[in-house]
Structure formats: C-alpha cells, structure tokens
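In what follows, a single structure is set out as structure tokens and then discussed.
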Amino acid sequence: MADRAGALAPGAVIGIVGNGQLGRMSAMAAARLGFRVHVFGPDHDAPAAQVAARATVAAYDDIDALRTFAASVDVVTFEFENVSAAGLDLLQSVLPVRPAPSVLRTSQDRMAEKRFLESAKVRIAPWAMIETEADLVAAVAKLGLPAVLKSSRLGYDGKGQAKLREPSDVAPAFARLGPKPLVLERFVDFACELSVVVARGADGDVAAFDTVENRHHDHILHATFAPARIDPAIAGDARAAAIRVAEALELVGLLCVEFFVNRDGRVLANEIAPRPHNSGHWTIEACFASQFEQHIRAVAGLPLGDARRHADAVMVNLIGPGDMALWPAIVATPGLSAHHYGKAEARPGRKMGHVTRLFPRDALPGDAGVAAAMAPLVLRGIL
C-alpha cells in the first residue's frame with residue numbers, strides 16, 4: 001500500500017521482527033503517523049505486542065510463520081540484532097526489508113563490523129581475530145595488556161566478553177567464550193563514551209541527532225546526557241563518522257554508532273547497531289522528531305523528520321529489580337517523563353523502563369544540578 005512516490009500510505013502495515021521495548025516505542029511512533037504494526041517474535045505478552053495491532057508468536061527462523069507474516073505486512077524492519085538474518089532474507093524475497101539483511105549481518109559479527117569500519121575509514125581500536133589459544137597468546141604479546149576478548153556474535157550489554165589484565169587471564173577467558181572465532185581488542189583508556197543516532201531515508205537523505213555522552217554501570221547503559229558535555233570539535237568528529245557509516249552501509253533506516261574518546265581526544269568507533277538505540281531514548285521528549293519516528297519514516301519511505309533538539313536532556317535507565325521500587329515516586333515528580341516497558345518480571349539487570357528530564361537548550365547542568373532535578377533517582381544511588 002504505497003503512494004505514487006513509493007512511500008507507504010496511512011493504514012499500511014509495518015512488520016517489526018522482534019517484540020521488545022524498542023519495537024514497542026517504534027510501534028507507538030508508527031501509530032502517530034497513521035500506520036499499523038504487526039510484530040513477530042518468540043515471546044508471549046512482549047512489550048511491543050502490547051501496543052501493536054497484531055502479533056505473531058514464533059521463532060525467528062520459523063519459515064512457515066515468516067511466510068504468513070510476510071503476506072500480512074507492506075514492509076519489514078527489525079528492532080534488535082539477535083534475529084535471524086536468513087529469516088530476513090526470506091522476507092526480503094517477498095517485500096522490502098529496511099535496513100537490509102546485509103546490514104544486519106555486518107552488525108551481528110564483530111569481525112565483519114570491524115572490517116567494514118576500517119573500509120569506511122572510521123578509526124577503531126587495534127584488534128585481532130582469535131581462532132586458537134595460540135592466536136590469543138600471540139595477539140596479547142602484540143597488542144599488550146589490558147585487552148578485551150569478545151565473542152564475535154550474540155553479545156550485548158557486556159555479555160560475551162572478558163577483560164584480560166594479566167597473562168593468567170588468557171586461557172580461562174579463551175575457554176569460556178564462544179562461539180569461536182573471537183576478537184581481541186586493545187583496551188582503550190577512554191575519557192568518555194559517546195554515541196550518535198543517524199537516520200537515512202530511501203532517497204538517501206540523512207539526518208543525525210546530536211552527539212550524546214553515555215555512562216554505564218555493569219556494562220549496561222546507565223545514563224545519557226544530551227548533548228555530550230565535550231569539546232564541540234570532538235562531538236562533530238563523532239557525528240561525521242556516524243554519517244559516513246550510514247552512507248557506506250547504504251542504510252535505509254536507523255543506525256547508532258557507539259564511540260570511545262581516548263585521553264588524547266581521538267574518537268574511536270566501538271560498535272554499530274542498525275536500529276533504535278537505548279542512548280537515543282531522550283529524543284522522544286527533546287527533539288522535533290524522535291529516533292523512533294525517524295526509524296518509521298525511513299522504513300515507510302517518508303521524508304525524514306527534523307532531528308534538531310529543542311531542549312537538553314538526561315535519560316536514565318530503570319533496571320530491575322531495585323529501580324522499579326522508585327516508580328511511584330518517579331511518576332509523582334513534576335518534570336520527569338517516565339516510560340514503563342510493560343515487562344511483568346523485574347529480573348536483575350533487565351531494562352524495565354527509563355526516565356527523561358528536560359532542561360533549557362544549551363543549559364544542561366553539571367552532575368549536581370542533574371541529581372537535584374531528578375531527585376527520586378538519587379535515593380537509590382542511580383544518580
């Protein structure tokens with residue numbers, strides 16, 4: 001159901017593979033633009049299924065279910081990387097998939113990702129492919145310690161990696177991590193972590209959000225500060241690199257590039273994620289068009305929206321189980337925008353929601369000012 005320019009018309013159905021909170025917020029953005037959403041994933045009563053017009057509960061590689069799903073939608077996208085690229089190939093044989101399965105494959109494999117970033121002339125930390133323990137010993141000798149050993153696939157929020165501090169860490173880490181081959185990266189003594197979310201439309205138009213600063217606890221994103229409180233030249237370097245990645249991928253959709261900034265002020269790309277990203281949640285309240293609206297616009301073939309921010313913002317994740325005890329205080333506090341993902345079980349380390357606080361544009365306070373403005377979160381040491 002497309003108009004003469006190739007854009008989907010209101011009433012069209014967008015298929016989203018994956019049914020977590022990113023799919024949930026994408027479905028809500030799609031509804032604002034007049035689209036219906038059909039989500040596909042293995043979980044019952046999942047966050048996205050609660051707000052979508054229709055949900056299919058099936059494994060990501062269930063061929064019969066995928067074919068039935070394809071017949072019910074007008075275009076397909078995905079909301080996280082750990083879905084079946086082969087399943088997306090099947091869908092692409094029937095209708096458009098945005099971003100393309102080839103983009104997903106690049107992001108799913110750390111070696112492919114690093115080789116791609118190098119080909120796009122984006123700086124990354126020195127690294128080596130590891131197939132055997134002997135490879136790891138030789139790479140440690142070359143790159144030095146500390147270093148980080150990572151699985152090449154299926155890692156997120158710090159899962160599937162180990163920091164090597166001493167030679168005695170090498171053998172246990174190699175034995176524990178899989179699947180092989182692995183990736184060894186020289187440890188970056190970074191001053192801060194940044195990310196940039198960028199959208200690219202079917203017409204090649206690009207719109208990048210402001211560079212933001214991220215803080216992590218236990219490898220899980222803890223807080224995002226928009227804009228990043230860094231030298232504008234560094235922020236500009238990160239934004240330009242993210243745009244270069246999106247264009248080199250020939251992306252249609254949304255992409256986040258995560259960066260380290262080392263002590264010398266050099267920007268090094270760490271990972272790419274071709275979908276909405278946790279560090280872009282602040283855009284819901286602080287920008288004219290959120291990351292989720294941009295995602296839907298790109299997937300549907302519409303012109304991209306205005307990515308400018310009209311306010312500064314701080315976003316804080318709510319992690320199970322303890323953070324959810326603050327929910328009554330959060331929703332009772334003026335100025336806090338609270339988002340609950342609809343997950344029933346607040347397991348340890350599980351993202352249950354997030355909170356955003358806006359500040360006047362170009363007036364983002366320091367840590368003490370942020371803490372005062374988000375007082376309920378200070379009670380448990382979240383800020």
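Determine whether segment 158-169 contains at least one residue that is polar (S, T, N, Q) and either in contact with an Asp or Glu (Cβ under 6 Å, 6 or more places away or on another chain) or without any contact (Cβ under 8 Å) to a residue 12 or more places away in the chain (or both).
Applying the first criterion (polar (S, T, N, Q)) to segment 158-169 yields 161, 168.
Right, trim to either in contact with an Asp or Glu (Cβ under 6 Å, 6 or more places away or on another chain) or without any contact (Cβ under 8 Å) to a residue 12 or more places away in the chain (or both) and you get 168.
Scanning segment 158-169, I find at least one residue that is polar (S, T, N, Q) and either in contact with an Asp or Glu (Cβ under 6 Å, 6 or more places away or on another chain) or without any contact (Cβ under 8 Å) to a residue 12 or more places away in the chain (or both), so the answer is yes.
Looking at this structure, is residue 268 outside any helix (DSSP H, G or I), modelled with pLDDT of 95 or more, surrounded by fewer than 24 Cβ atoms within 10 Å (Cβ to Cβ) and in the same structural domain as residue 206 (by TED's automatic domain parsing)?
On the way: outside any helix (DSSP H, G or I): yes; modelled with pLDDT of 95 or more: yes; surrounded by fewer than 24 Cβ atoms within 10 Å (Cβ to Cβ): yes; in the same structural domain as residue 206 (by TED's automatic domain parsing): yes.
Yes; evaluated as a whole, the condition is true for this residue.
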Task: Criterion violated by residue 74 - all others in (1) among the charged types (D, E, K, R); (2) over 21 Å from the mean Cα position of the chain (by Cα); (3) at negative phi; (4) at pLDDT below 95 satisfied - done: (4)
Task: segment 85-108 - residue that is of a type in the set (Gly, Ala, Ser) and under 17 Å from the mean Cα position of the chain (by Cα) and, of those, nearest to residue 200 (Cα to Cα) - done: 100
Task: Selection count where residues are in a strand (DSSP E or B) and buried (at least 18 other Cβ atoms within 10 Å of the Cβ), scope segment 216-227 - done: 5
- [ ] Go through segment 320-332 and give me each residue that's modelled with pLDDT under 95 and either assigned to a loop (DSSP other than H, G, I, E, B) or within 19 Å of residue 46 (Cα to Cα) (or both).
- [x] 320, 321, 324
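Hey, among 188, 183, 197, which residue is part of a loop (DSSP other than H, G, I, E, B), in contact with a Leu (Cβ under 8 Å, 6 or more places away or on another chain) and in contact (Cβ under 8 Å) with a residue 60 or more places away in the chain?
Details: 183 fails: part of a loop (DSSP other than H, G, I, E, B); 197 fails: part of a loop (DSSP other than H, G, I, E, B).
Unique residue meeting the criteria: 188.
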- [ ] Being under 20 Å from residue 354 (Cβ atoms) and either in contact (Cβ under 8 Å) with a residue 60 or more places away in the chain or in a loop (DSSP other than H, G, I, E, B) (or both) is the filter here, so list the residues in segment 25-42 that pass it.
- [x] 25, 26, 28, 29, 30, 32
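Name every residue in segment 326-348 that is hydroxyl-bearing (Ser, Thr, Tyr) and touching a residue at least 60 places away in the same chain (Cβ under 8 Å), in order of residue number. Let's see the steps before the verdict.
Let us first name the residues in segment 326-348 that are hydroxyl-bearing (Ser, Thr, Tyr), namely 333, 337, 341.
Of everything in segment 326-348, just one residue is hydroxyl-bearing (Ser, Thr, Tyr) and touching a residue at least 60 places away in the same chain (Cβ under 8 Å), namely 341.
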Task: Residues of segment 204-215 satisfying the condition of being in a strand (DSSP E or B) and over 15 Å from the mean Cα position of the chain (by Cα) - done: 206, 207
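Quick one: would you say residue 354 is within 30 Å of residue 11 (Cβ to Cβ) and either assigned by TED's automatic domain parsing to the domain that holds residue 215 or touching a Lys or Arg at 6+ places or on another chain (Cβ under 8 Å) (or both)?
Details: within 30 Å of residue 11 (Cβ to Cβ): no; either assigned by TED's automatic domain parsing to the domain that holds residue 215 or touching a Lys or Arg at 6+ places or on another chain (Cβ under 8 Å) (or both): yes.
Considered against the rule, which asks whether it is within 30 Å of residue 11 (Cβ to Cβ) and either assigned by TED's automatic domain parsing to the domain that holds residue 215 or touching a Lys or Arg at 6+ places or on another chain (Cβ under 8 Å) (or both), residue 354 comes out as no.
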Open item on the list: Looking only at segment 228-264, how many residues end up being more than 27 Å from residue 359 (Cα to Cα) and part of a loop (DSSP other than H, G, I, E, B)?
Closed with: 6
- [ ] Give segment 82-127 a look and list any residue that's under 19 Å from residue 248 (Cα atoms) and not in a helix (DSSP H, G or I), or say none.
- [x] 97, 98, 99, 100, 109, 120, 121, 122, 123, 124
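So which of 204, 236 is closer than 23 Å to residue 125 by Cβ and of a type outside the set (A, V, I, L, M)?
Values: 204 fails: closer than 23 Å to residue 125 by Cβ.
The match here is 236.
Could we say that residue 80 is within 30 Å of residue 160 (Cα to Cα) and not assigned by TED's automatic domain parsing to the domain that holds residue 246 here?
Details: within 30 Å of residue 160 (Cα to Cα): yes; not assigned by TED's automatic domain parsing to the domain that holds residue 246: yes.
In short, yes.
The values are calculated or read from the model by the stated rules, or taken from the named source; none is laboratory data. Because the structure is predicted, anything quoted here is derived from the model rather than measured. Reconstructed Cβ throughout: ideal geometry from the backbone, glycine too, with neighbour counts over all protein chains shown.
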